[in-house]
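Data block below; observations after.
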Amino acid sequence: MRFRTLRCLEKKQGLLPARLMLKKILLGDQPLCVRYNRIFRLEVNKDATIRDRILRNSAGLDYSWNWNREPRGRSEAELHSLIGEISSFGFGSYENDSWKWLEHSSGILHTHALATIINNKLLVNSFSSVATLRNRLLPQKIEVFIWRAQRNRLPVRTELDKRGIDLDSARCPVCDNEVETLEHMLIHCTFAKDLWLRFFKWWKVDNFQIQSVNDIASGPMSHSHNFPNPDLMTASMWVCAYKIWYNRNNKLFNKTDGSSSFVLQEVQSCSFKWISIRDKKHSLDWIQWFTKPIECKRIRLIFSRL
Ligand SMILES: [Zn+2]
């Protein structure tokens, strides 16, 4: 995470415990020793601080230089320029050095504000055009899961690695064959591939290959007028994707995982249970759902895009 690019913090300078090393960036964009290199060469103690050279009293600022020879010519002009810059710096008080949060007038950093900035600058912008999908027949946790997947916000190993989290390995914890990206985990992993194969066999859909997370989110048949029940299929795809993630986490954290045929049964039973509970009007028949979901009564799930 490159906080330096956020430019939200600056050093608030007090005078007394000053650590204004001439070699650090204090005023402007470069260290004083670079911008005023002629007089820096004349300074006896190259580690001297501004506090060593400036005395503040009731009459204003007083200077206590220590040159190896007196500045002359262009060195003297540099010295006048430095004094002018320091005089206009506005030390203000005898406070200790501290950090000031530039994003709020109080100068105090609140973690909530920092989280909002990280959120806006690092996470949201590239996905701001992604529509939010809702599905009234599934639990909110499934909607949130799809929302996060569409925005690449699931903590797969490559994403954790990008954010500077130290991991033993970035390889997929399920197959250990490749680096774990979101697409690998949900689509290309051997486990996911096998499960999707079984899933489409259950729905009796041939020759469909999931290419991206959006194929899962929007549903491959959602625009097909010929497909009898596209919304139900999309809902069960969301559950299937969620179960792939759930199974992956079980393997990683609990050292337990199921076979693809077992996880498909979970997809079938969970989606049946969730949809049945939320839709009393069209009661799904379990045998039909389990054997021929494509023949179930058509249900509009109202996928609203906010
Ligand atoms: Zn894998």
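The values are calculated or read from the model by the stated rules, or taken from the named source; none is laboratory data. Treat the numbers as computed from the prediction; the structure is a model and nothing was measured. For neighbour counting, all protein chains shown are included, and Cβ atoms are generated from backbone atoms with ideal geometry for every residue, glycine included.
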* In the stretch 231-283, what residues are over 15 Å from I216 (Cβ atoms) and among the aromatic types (F, W, Y)? -> F253, F262, F272, W274
* Being among the charged types (D, E, K, R), surrounded by 15 or more Cβ atoms within 10 Å (Cβ to Cβ) and more than 13 Å from the ligand (Cβ to nearest atom) is the filter here, so list the residues in the stretch 154-164 that pass it. => E159, D161
* Asked: How many residues, within the stretch 165-187, are crowded, with 16+ Cβ neighbours inside 10 Å and within 19 Å of S259 (Cβ to Cβ)?
  -> 7
* Structure fact -> When I210 is run through (1) within 16 Å of the ligand (Cβ to nearest atom); (2) part of a loop (DSSP other than H, G, I, E, B); (3) more than 22 Å from M233 (Cα to Cα), the failure sits at (3)
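Do we find that W245 is crowded, with 16+ Cβ neighbours inside 10 Å and over 22 Å from C172 (Cα atoms) in this structure?
Details: crowded, with 16+ Cβ neighbours inside 10 Å: yes; over 22 Å from C172 (Cα atoms): no.
So W245 does not fit the description; no.
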* Structure fact -> Being surrounded by fewer than 18 Cβ atoms within 10 Å (Cβ to Cβ), free of Cβ contacts under 8 Å to residues at least 40 places away in the same chain, over 28 Å from the mean Cα position of the chain (by Cα) and more than 16 Å from the ligand (Cβ to nearest atom) narrows K255, K273 down to just K273
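Which of the residues belonging to the stretch 150-174 are among the charged types (D, E, K, R) and more than 24 Å from K255 (Cα to Cα)? Give the steps one after another, and end with the answer.
Filtering the stretch 150-174 for residues among the charged types (D, E, K, R) gives 151, 153, 157, 159, 161-163, 166, 168, 171.
Across the stretch 150-174, the qualifying residues are R151, K162, R163.
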* Take S218 and decide whether it is over 20 Å from L133 (Cα atoms), assigned by TED's automatic domain parsing to the domain that holds P139 and away from the ligand (no atom under 15 Å from the Cβ). => no
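Quick one: is L167 in a helix (DSSP H, G or I) and either more than 9 Å from the ligand (Cβ to nearest atom) or basic (K, R) (or both)? Spell out the reasoning first.
On the way: in a helix (DSSP H, G or I): no; either more than 9 Å from the ligand (Cβ to nearest atom) or basic (K, R) (or both): yes.
Spelling it out, it is not the case that L167 is in a helix (DSSP H, G or I) and either more than 9 Å from the ligand (Cβ to nearest atom) or basic (K, R) (or both).
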* Asked: Mind checking which residues of the stretch 170-195 are near the ligand (Cβ under 9 Å from one of its atoms) and either touching a residue at least 60 places away in the same chain (Cβ under 8 Å) or assigned to a loop (DSSP other than H, G, I, E, B) (or both)?
  -> C172, P173, V174, C175, D176, N177, E178, E180, M185, C189, F191
* Asked: For residues in the stretch 49-89 being over 16 Å from R35 (Cα atoms) and among the small types (G, A, S), which is farthest from the chain's Cα centre (by Cα)?
  -> G73
